[in-house]
Amino acid sequence: MSNKSFMVIDPSIQKPEISSFNHVSSLSSMRYTYLLPALSEEDSMNSELQNTYGIILMGSACSVHDDLDWQKNLQDILLKSIEKEIPILGICYGHQLLAHMFGGMVGYLWGQEKKKGTRIVALRKNELWVESKLGPLIYSHQEGVISCPHDFEISATSDMVHIEGLAHLSKPIWTFQPHIEATLPFAERNQIALHDFENAFQFGTEILNNFIHLVNE
């Protein structure tokens, strides 16, 4: 595995979430690549794929229904990754895109208003963690997954959003609506109180760590 890397895909359309990438890459000594399909050369995803053994797909201000060229290319990369059984973790937009690709329905949860903050999320027993657990996580979105896609199960839920997380029944694919990768700059930009951020940051990091360590086994 020494010649392979962990691919972090940031589909930001304005400002890259560099702080989140730095946080993810600090969690292990593995090699990481950072790709920006909406802001830079899209073919770089293809060229990196053969040396990739895990993918984290982060959030975006885009909707999965926008049907932009870079989104189509991203879906092609994800399909190739799924064929290769490369473990994938989708976050926020990544959660919605993977659900959309597998036949789930993505739409507005409470009109077109974006809501943000922290909320308590219940994780159901899953390969990524030993037992069910509760914890706060950061969120910022208006759309969400409103029907479970084929061959997935709901792995996380909350009082606010029924489908907070998904896990594929046979493939190494997991997704989360909350921003488990969020760092302090993200929280400050979204006006999330520091005392709320600290607990949510720790809980989100725990989930990220579990995924990275599972890939590295």
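Couple of notes before you dig in:
- Filter pass, Ala38 being in contact with a Pro (Cβ under 7 Å, 6 or more places away or on another chain) and either small (Gly, Ala, Ser) or touching a residue at least 40 places away in the same chain (Cβ under 8 Å) (or both): yes
- Close Cβ contacts (under 7 Å, 6 or more residues apart or on different chains) running from residues in the stretch 192-210 that are under 13 Å from Leu128 (Cα atoms) to residues that are open to solvent by less than 60 Å² (accessible area, probe 1.4 Å) and part of a helix (DSSP H, G or I) comprise Leu208/Val24.
- Residue check, Asn51 surrounded by fewer than 19 Cβ atoms within 10 Å (Cβ to Cβ), touching a Ser or Thr at 6+ places or on another chain (Cβ under 8 Å) and either modelled with pLDDT under 90 or of a type in the set (Gly, Ala, Ser) (or both): yes
- Residue count for the stretch 17-28, restricted to those that are free of Cβ contacts under 8 Å to residues at least 60 places away in the same chain and crowded, with 16+ Cβ neighbours inside 10 Å: 2.
- The stretch 84-105, subset touching a helix residue (DSSP H, G or I) at 6+ places or on another chain (Cβ under 7 Å) and open to solvent by 10 Å² or more (accessible area, probe 1.4 Å), residue nearest to Gly59 (Cα to Cα): Met101
- Of all residues in the stretch 135-153, those being of a type in the set (A, V, I, L, M), under 17 Å from Val106 (Cβ atoms) and open to solvent by less than 50 Å² (accessible area, probe 1.4 Å) number 1.
- Which listed residue, of Ala156, Ala193, Ala200, is open to solvent by less than 60 Å² (accessible area, probe 1.4 Å) and out of contact with any Pro (no Cβ under 9 Å at 6 or more places or on another chain): Ala193
- Ile86 in a helix (DSSP H, G or I) and aliphatic (A, V, I, L, M): no
- In the stretch 29-43, residue nearest to Asn73 (Cα to Cα) [restricted to those that are hydroxyl-bearing (Ser, Thr, Tyr) and open to solvent by 30 Å² or more (accessible area, probe 1.4 Å)]: Ser40
- Long-range neighbours under 7 Å by Cβ, at least six apart or interchain, first residue touching a residue at least 24 places away in the same chain (Cβ under 8 Å) within the stretch 113-129, second open to solvent by 90 Å² or more (accessible area, probe 1.4 Å): Ile120/Leu134; Ala122/Leu134
- Yes/no for Ser20 being modelled with pLDDT of 95 or more and within 19 Å of Asn209 (Cα to Cα): yes
- Number of residues in the stretch 65-83 that are among the hydrophobic types (A, V, I, L, M, F, W, C) and either in contact with a Phe, Trp or Tyr (Cβ under 6 Å, 6 or more places away or on another chain) or open to solvent by less than 10 Å² (accessible area, probe 1.4 Å) (or both): the value is 3.
- Residue pairs meeting the criteria (Cβ under 6 Å; at least 6 apart or on separate chains; first farther than 19 Å from Met101 by Cα and of a type in the set (S, T, N, Q), in the stretch 151-165; second at pLDDT 95 or above and buried (at least 22 other Cβ atoms within 10 Å of the Cβ)): Thr157/Glu164; Ser158/Val121; Ser158/Glu164
The values are calculated or read from the model by the stated rules, or taken from the named source; none is laboratory data. All of these numbers come straight from a predicted model, not from anything done at the bench. Reconstructed Cβ throughout: ideal geometry from the backbone, glycine too, with neighbour counts over all protein chains shown. Keep in mind that these areas ignore ligands, DNA and RNA; they rest on the heavy atoms of the full protein, side chains included. Shrake-Rupley method; radii C 1.70, N 1.55, O 1.52, S 1.80 Å.
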